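Some notes on the structure that comes next.
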Amino acid sequence: MLDTGEPLTEYVPDDKVAAIEAELKELFAAVPIDHERVKAKVYELATAKYNCCTYNRIPYITEELVHIIQGFTPSEEINKQMLTKTVEKITFDKNKVITVTFKNGRKIAAKEGEICQDR
């Protein structure tokens, strides 16, 4: 239930990447090849591609939460230590819905008398 399904990293190229790639094609088509300009464009392309990458810590946080929870045995009583290590906040709304937000952003909600559901 803790898994968010979010990827660790993602690469989404933008228009700048396409423009630099087009410039590189032109530079390679020219005779003689200007190696210094090509080298500079390759570095520029690498920088542009790197800037299109995103890094998400949520999968690591989820893994840490799973590891923490595995260290506790199931109980009918509330384990304050486990809650403080894994839960960001607990809220109650006017419809008597209790929502638990874990430190990785995942939310689980339950209404009195109903089974927990993902939110």
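The values are calculated or read from the model by the stated rules, or taken from the named source; none is laboratory data. Small disclaimer: the values here were computed from a predicted structure and weren't measured. Neighbour counts are summed over all protein chains in view; Cβ atoms, including those assigned to glycine, are modelled from backbone coordinates with ideal geometry.
Just name the residue that is surrounded by the fewest Cβ atoms within 10 Å (Cβ to Cβ) out of those in segment 5-53 that are out of contact with any strand residue (DSSP E or B) (no Cβ under 9 Å at 6 or more places or on another chain) and β-branched (V, I, T).
My answer is V31.
Quick one: count up the residues across segment 88-101 that are loosely packed, with under 14 Cβ neighbours inside 10 Å and closer than 20 Å to T4 by Cα.
4
Considering only segment 53-71, I want to know if a residue exists there that is of a type outside the set (A, V, I, L, M) and in contact with a helix residue (DSSP H, G or I) (Cβ under 7 Å, 6 or more places away or on another chain).
Within segment 53-71, not a single residue is of a type outside the set (A, V, I, L, M) and in contact with a helix residue (DSSP H, G or I) (Cβ under 7 Å, 6 or more places away or on another chain).
Out of V12, V17, I need the residue that is of a type in the set (V, I, T) and either over 30 Å from V66 (Cβ atoms) or touching a helix residue (DSSP H, G or I) at 6+ places or on another chain (Cβ under 6 Å) (or both). Which one?
After ruling out the rest, the residue left standing is V17.
Name the one entry in E64, E112, E76 that is within 20 Å of D3 (Cα to Cα) and among the acidic types (D, E).
Being within 20 Å of D3 (Cα to Cα) and among the acidic types (D, E) holds for just one of E64, E112, E76, which is E64.
Residues that are outside the structural domain of F102 (by TED's automatic domain parsing) and farther than 17 Å from T101 by Cα, at least 3 per element: which helices (runs of 4 or more DSSP H) completely within segment 1-88 meet that?
Hits in segment 1-88: 15-29, 35-51.
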